[in-house]
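Visitor: One structure coming up, written as structure tokens, with questions to follow.
The values are calculated or read from the model by the stated rules, or taken from the named source; none is laboratory data. Computed from a prediction, not measured in an experiment: that's the story for all the values here. Counting neighbours? That spans all protein chains shown, and the Cβs are built from the backbone with ideal geometry, glycine included. Only protein heavy atoms, including side chains, enter the accessible area calculation; ligands, DNA and RNA are left aside. Shrake-Rupley method; radii C 1.70, N 1.55, O 1.52, S 1.80 Å.
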Amino acid sequence: MTDARQLKIEAARAALAHVGEGMRLGIGTGSTAEEFVRLLAAAVADGLTVIGVPTSERTALLCRDLGVPLSTLDDTPELDLTVDGADEIDPALNLVKGGGGALLREKIVAAASVRMIVIADETKLVEDLGRFPLPIEVNRFGLRATEIAVAAAAETLGLSGPITLRLKDGEPFGTDGGHLILDASFGLIRDPRALSSALHAIPGVVEHGLFLGMASVAIVAGEGGARTIGAREQSGSIPT
């Protein structure tokens, strides 16, 4: 087992401690979220009763394979807790997500939840968002026009950099919803809320990977173990 995977497991294990009997759970997408699914499945096998709403077909498949009971957001529209990973986490717990390509469903599920716990290793902590390219989910129709509009909106905020269409096996990557993803390498994002508003104003943009004010806590694993960072603290840790 790699050290990186062990850190993900430690963060996932700490998050599992927040899961109670009968909870309705949003279940995230990505390698760290998958470690949470494996631990959750073991707890279910030991008698824990929960119902999960997956944020991607990939997560749904893993949950089914491991025996985690699932529902849909239509049948279970109000969730107690979502546990998901992140590509970046700033001191106020603003996030960049979407590296796994599930950002739209991840945001919908997180918004339907009372609380969101983010799990990650400490390499995902940043002082300011923007080191990781910002995923932007877009409609297939008018792709080039949308890309130009994204670049123009970013320029008004002093942002620039390559905007690339995400590919998989040499073909455009398609999300579970049938959309495409533009990865925008803007660098330091000084005003995430302004950028969020500017991107939402573009008709071809379906959603973007800025998750602002959505996470309740972040559980971050490092060499010293897992620590829980609260948004209200802005920095520092709370004993788990």
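Visitor: If you place +1 on the Cβ of every Lys and Arg, -1 on the Cβ of every Asp and Glu, and leave all else neutral, what size is the dipole of the chain about its Cα centre, to the nearest 20 Debye?
Guide: Roughly 160 debye, rounded to the nearest 20.
Visitor: Next up: Give me the mean projected area, in nm² to one decimal, of the convex hull enclosing the Cα positions of the range 51-121. Walk me through the numbers on the way to the answer.
Guide: On the way: hull surface 19.8 nm².
Convex hull of Cα atoms, orientation-averaged projection: 5.0 nm².
Visitor: Put +1 on the Cβ of each Lys and Arg and -1 on the Cβ of each Asp and Glu in the range 71-123; which of GLY85, THR123, GLY98 then has its Cα farthest toward the positive end of the dipole?
Guide: GLY98
Visitor: Taking the 0 to 90 degree range and rounding to the nearest ten, how far is the long axis of helix 31-45 tilted relative to the main principal axis of the chain, both from C-alpha atoms?
Guide: On a 0 to 90 degree scale, this one is about 30.
Visitor: Which shape class applies to the range 121-177: rounded if a/c is under 1.5, otherwise prolate when a/b exceeds b/c and oblate if not, where a ≥ b ≥ c are the square roots of the Cα gyration tensor eigenvalues?
Guide: Cα axes put the range 121-177 in the oblate bin.
Visitor: For the chain, which whole-number percentage of the solvent-accessible area (1.4 Å probe, protein heavy atoms only) is attributable to carbon and sulfur atoms?
Guide: The value for the chain is 52 percent carbon and sulfur by accessible area.
Visitor: Now a separate question. Which order do the peptides 21-30, 152-161 come out in when sorted by mean C-beta neighbours inside 10 angstrom, highest first?
Guide: Final packing ranking: 21-30, 152-161.
Visitor: Taking the range 4-126, how much of its Cα-Cα pair set, in percent, is spaced more than 17 angstrom apart?
Guide: It works out to 51 percent of all Cα pairs.
Visitor: With the dipole of the range 129-240 worked out from charges on the C-beta (+1 for Lys and Arg, -1 for Asp and Glu) around the Cα centre, which of VAL206, PHE173, ILE189 lies farthest toward the positive end?
Guide: Farthest along the dipole direction, towards plus: ILE189.
Visitor: Let me ask something else about it. Sort ARG144, ARG190, ARG5, ARG13 by accessible area with a 1.4 Å probe, largest first.
Guide: So, going from the largest accessible area down, we get ARG190, ARG144, ARG13, ARG5.
Visitor: Now, a different point. Identify all lysines with a Cα-Cα distance to LYS107 below 17 Å; exclude those on the same chain that are fewer than 8 residues away in sequence.
Guide: Qualifying lysines at Cα under 17 Å: LYS97.
Visitor: Quick check on the range 82-225: take the gyration tensor over C-alpha atoms, sort the square-rooted eigenvalues as a ≥ b ≥ c, and tell me if it's rounded (a/c under 1.5), prolate or oblate.
Guide: Numbers: a/c = 1.70, a/b = 1.45, b/c = 1.17.
Because a/c hits 1.5 or more and a/b exceeds b/c, the range 82-225 counts as prolate.
Visitor: Compute the relative contact order of the chain as a whole-number percentage, counting only Cα pairs closer than 8 Å that sit 6 or more residues apart in sequence. Walk me through the numbers before you get to the answer.
Guide: On the way: 519 pairs, mean separation 52.8, N = 240.
Reported as a whole number, the value is 22 percent.
Visitor: Right, next: For the chain, with every protein chain kept in place, what is the accessible area per residue (1.4 Å probe, Å²)?
Guide: About 46 Å² of surface per residue is accessible.
Visitor: At a 10 angstrom cut-off on C-beta neighbours, averaged per residue, how do the peptides 124-133, 71-80 rank from highest to lowest?
Guide: The densest-packed peptide leads the list: 124-133, 71-80.
Visitor: If you don't mind, another one. Could you tell me what a quarter of the Cα convex hull surface of the chain works out to, in nm² with one decimal place?
Guide: Its average projected convex-hull area is 13.1 nm².
Visitor: Classify the range 1-68 as rounded, prolate or oblate, taking a ≥ b ≥ c as the square roots of the eigenvalues of its Cα gyration tensor: rounded when a/c is under 1.5, otherwise prolate if a/b is larger than b/c and oblate if not.
Guide: oblate
Visitor: With contacts defined as alpha carbon pairs under 8 Å and 6 or more residues apart, what's the relative contact order of the range 1-63 in percent?
Guide: That works out to 39 percent.
Visitor: Out of GLY47, GLY26, ALA111, whose Cα points farthest toward the positive end of the dipole of the chain (charges: +1 Lys, Arg; -1 Asp, Glu; placed on Cβ)?
Guide: ALA111
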